[in-house]
Every structure is written in structure tokens, then in C-alpha cells.
Amino acid sequence: MKQEKQQFIKTDWTIDMINAVGNLRNMPLIFLTATKDIHRGGWVERIDNKAWQYVRVYENGDIEVLITLQILRFHKYFDTPVWLQFNPNHLLPTDYVQLDHVMKYVDHSHLTRADLANDIYNINLQRYDFGLFGVTRDIYRSLSGDLETRYWGRRKSERQIRLYDKMREMKKHGKADDIPDGITDWWRLEFQFRGGKVESWQEEVMDKMQSFHVLAVDDNDDLSEIDKAILARVNSDKFDFKRVGKRYAAKIRKMVRENVGFDTTIAELSLKTFSEQKDELQRQLDSMLAKYNIGAQTEEMTAYFEEELKQTGNLDFSVVESDSALERNVIRNIAKSWREENSLTHRTNTNS
């Protein structure tokens with residue numbers, strides 16, 4: 001038995017991030033360091049790890065990174081291997097001018113990662129989970145114990161899913177005015193695809209979203225009280241499958257995978273929206289890759305660049321010497337955001 005779906009709950013899907021790698025050819029890098037008005041944004045240089053980031057600066061001092069360009073070490077295929085990241089959802093026409101300029105100087109580029117976002121409005125998803133086994137779960141909570149972010153899958157795996165409180169993030173960064181009217185809750189599911197999963201992203205979304213659910217054992221009269229209690233422990237990541245017989249463990253896993261005792265209303269709504277939008281999303285992705293001549297993913301190159309980014313990702317942010325206090329503040333904010341993303345606090349790790 002399922003909860004009655006509220007009519008105002010809605011979902012929307014967008015392409016959220018593109019990662020590509022390639023060879024940087026004769027680019028006049030002085031172009032990237034010539035930031036003239038940091039109050040509105042511009043290119044910021046990270047000297048220590050040869051990276052440039054194009055940022056937008058808001059009136060409240062909040063910083064948003066729009067484009068990242070990072071030069072990596074020698075690679076047998078490239079003279080100057082480079083990694084690029086940008087979010088097509090956040091780029092304004094003036095920002096695309098910057099991206100267009102950079103991409104003119106990148107040869108032999110190929111896709112290494114594509115992210116898909118599912119925005120879910122007007123329902124609290126703190127207690128929602130995927131019925132997945134054999135994957136790492138990382139949970140980050142606020143000091144008050146509220147869920148902030150939850151991951152399924154390792155950061156460098158071919159597929160990772162992230163759920164976070166988008167409403168809280170917007171308010172934290174002073175963007176409450178950008179929250180649409182009538183929105184009481186705003187959560188975002190992000191699907192990150194690498195390697196072979198980039199090519200099969202539609203199938204992956206359809207497969208995994210079917211198991212996105214919330215515990216609803218009290219609505220199922222066919223379940224025994226013991227099974228209800230066990231499903232509740234499984235849902236809270238407290239059930240140790242190794243301490244029960246294989247046959248019973250298999251039974252419980254099968255119940256979870258088939259959503260027995262769970263409500264899948266939101267999953268069904270999201271899948272319906274995805275079916276309506278997936279062709280347009282594919283067209284947008286194909287158009288973006290064609291515009292910048294970004295080829296398909298190749299396993300060897302992707303593995304190389306992922307390892308390089310891992311080696312350089314912990315370096316501090318720094319900037320070309322400047323007397324501007326605001327510019328130094330920009331760098332500090334970027335550094336803080338980078339550290340929060342790569343080394344969050346209040347973390348728990350569980351494996352099912």
C-alpha cells in the first residue's frame with residue numbers, strides 16, 4: 001500500500017556537469033589570468049597545481065565556480081594534457097564566450113564524466129534510500145543531525161549517486177531569493193557516470209531509480225512483525241547480514257530489491273518525468289559534445305586523468321599576487337568549497 005501522492009510534488013531532470021580531457025594547444029594562458037573585475041567574476045589562477053577557474057562573484061561574497069581548466073603532467077598521448085569541467089545549467093551567454101575561447105585550443109578531447117540531476121520538490125527525502133547492496137554508503141549530517149548529503153558508490157567508481165538538501169544549500173549561500181515560489185522542500189539526486197556507464201546513462205537511471213524508496217512497513221499487512229523490524233534495521237544500515245544464514249539474508253535482500261515494505265511513489269514520479277525528458281536530455285548532451293568536438297570516453301585515458309586529479313586535488317588554492325582584498329577573499333572561499341567537497345565532516349561509512 002502506498003502513500004497518497006501530493007499533487008504539488010514535482011520533479012525535473014537536467015544535465016548537471018560535463019568533464020572532458022584533451023590536449024591544450026598553444027593557448028595564450030595570459031588570457032586566463034587577466035581578470036579585470038573580480039567583483040563580477042573572472043579567471044582565478046591556482047599556481048601550485050596549474051589550474052584556472054572561471055568564477056562568478058555574487059553581491060553577498062558567495063563564489064560559484066563555472067569552468068575549471070587544469071593542466072596535468074606528461075602523458076604519452078598529449079604534449080599538454082588538460083582536464084576541463086563545466087556545468088551547462090549555470091553558464092550564461094557571457095560565460096559561454098569564455099568556454100568557447102578555451103575549447104578552441106583543446107585537441108583530441110573526450111568525455112570522462114557526465115552528471116545528471118533530478119530535482120525533487122515539496123517532499124522531505126531525509127529517510128529515502130536506494131535498495132542497493134554491495135555499494136559504499138557515505139552519510140554527512142549537520143551538527144543538529146539532519147541529513148545534508150548522502151552518497152551511494154565510491155567517488156572514483158564508474159557510477160556514483162548523491163542526494164543532498166538543495167534548499168539548505170541555497171539558503172546557506174545567500175540565494176534564498178532564487179528559490180521558486182511555492183517550494184517548501186528541494187532535494188537533488190545527482191547521478192555521476194564515468195567509464196563505460198557514460199554511454200549507458202539512460203539504462204542506469206531507469207534501473208537504479210526503481211529502487212529509490214522510503215520505509216513503509218506499517219502499510220503492509222502481509223509482513224510479519226519480525227520482518228518489519230529487520231527491514232527497519234536494514235533501512236537504517238544497522239543490519240549485519242553476516243550474522244544470519246545465507247538463505248535468510250538472501251530473502252531479506254530480495255524483499256528490499258523488490259521494494260516489499262517500501263513506498264516507491266517518488267521513484268515512479270521521477271521515472272515518469274525522466275521518460276518524458278530523456279530524449280531531450282540526450283539531444284542536449286549530443287549537441288554539447290558536438291559543439292566542442294568532445295569524443296566518446298576511452299577507458300585508458302579516463303583512468304590516467306582520474307589518477308592525476310587524485311594526486312593534485314588536495315593542493316591548496318593560491319592566486320597570482322594581488323593587492324585586492326576581495327580577490328584574496330575569493331580564493332579563500334574557493335579553497336573552503338574545495339575542501340568541503342573533498343573532505344566533509346560529520347561522516348559515517350557503511351557497507352551493506
Can you spot a residue in the stretch 86-102 that is touching an Asp or Glu at 6+ places or on another chain (Cβ under 7 Å) and in a strand (DSSP E or B)? no
Tell me yes or no: at least one residue of the stretch 185-195 is part of a helix (DSSP H, G or I) and open to solvent by 40 Å² or more (accessible area, probe 1.4 Å). no
Any residue in the stretch 234-241 that is modelled with pLDDT of 90 or more, of a type in the set (D, E, K, R) and under 22 Å from R137 (Cβ atoms)? yes
If I filter the stretch 154-210 down to residues being in contact with a Gly (Cβ under 9 Å, 6 or more places away or on another chain) and of a type in the set (G, A, S), which single residue comes out as modelled with the highest pLDDT? G174
How many residues does the stretch 197-217 contain that are small (G, A, S) and under 16 Å from the mean Cα position of the chain (by Cα)? 0
If you go through the stretch 209-227, how many residues are loosely packed, with under 15 Cβ neighbours inside 10 Å and part of a helix (DSSP H, G or I)? 4
Of the residues in the stretch 240-263, those that are crowded, with 18+ Cβ neighbours inside 10 Å and among the aromatic types (F, W, Y) number 1
Within the stretch 243-281, can you find the residues that are among the small types (G, A, S), in contact with a strand residue (DSSP E or B) (Cβ under 8 Å, 6 or more places away or on another chain) and within 21 Å of E204 (Cα to Cα)? A267, S270
The number of residues in the stretch 144-174 that are in contact with a Ser or Thr (Cβ under 7 Å, 6 or more places away or on another chain), open to solvent by less than 50 Å² (accessible area, probe 1.4 Å) and assigned to a loop (DSSP other than H, G, I, E, B) is 1
Is it true that V234 is in contact (Cβ under 8 Å) with a residue 60 or more places away in the chain, in a helix (DSSP H, G or I) and open to solvent by less than 50 Å² (accessible area, probe 1.4 Å)? yes
Out of (1) open to solvent by less than 30 Å² (accessible area, probe 1.4 Å); (2) more than 21 Å from the chain's Cα centre (by Cα); (3) β-branched (V, I, T), the one I266 does not meet is (2)
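The values are calculated or read from the model by the stated rules, or taken from the named source; none is laboratory data. Keep in mind it's a predicted model, so treat the numbers as computed, not measured. Here Cβ is always computed from backbone atoms with ideal geometry, including for glycine, and neighbour counts include all displayed protein chains. Just the protein is used for accessible areas: all its heavy atoms, side chains included, with ligands, DNA and RNA removed. Shrake-Rupley method; radii C 1.70, N 1.55, O 1.52, S 1.80 Å.
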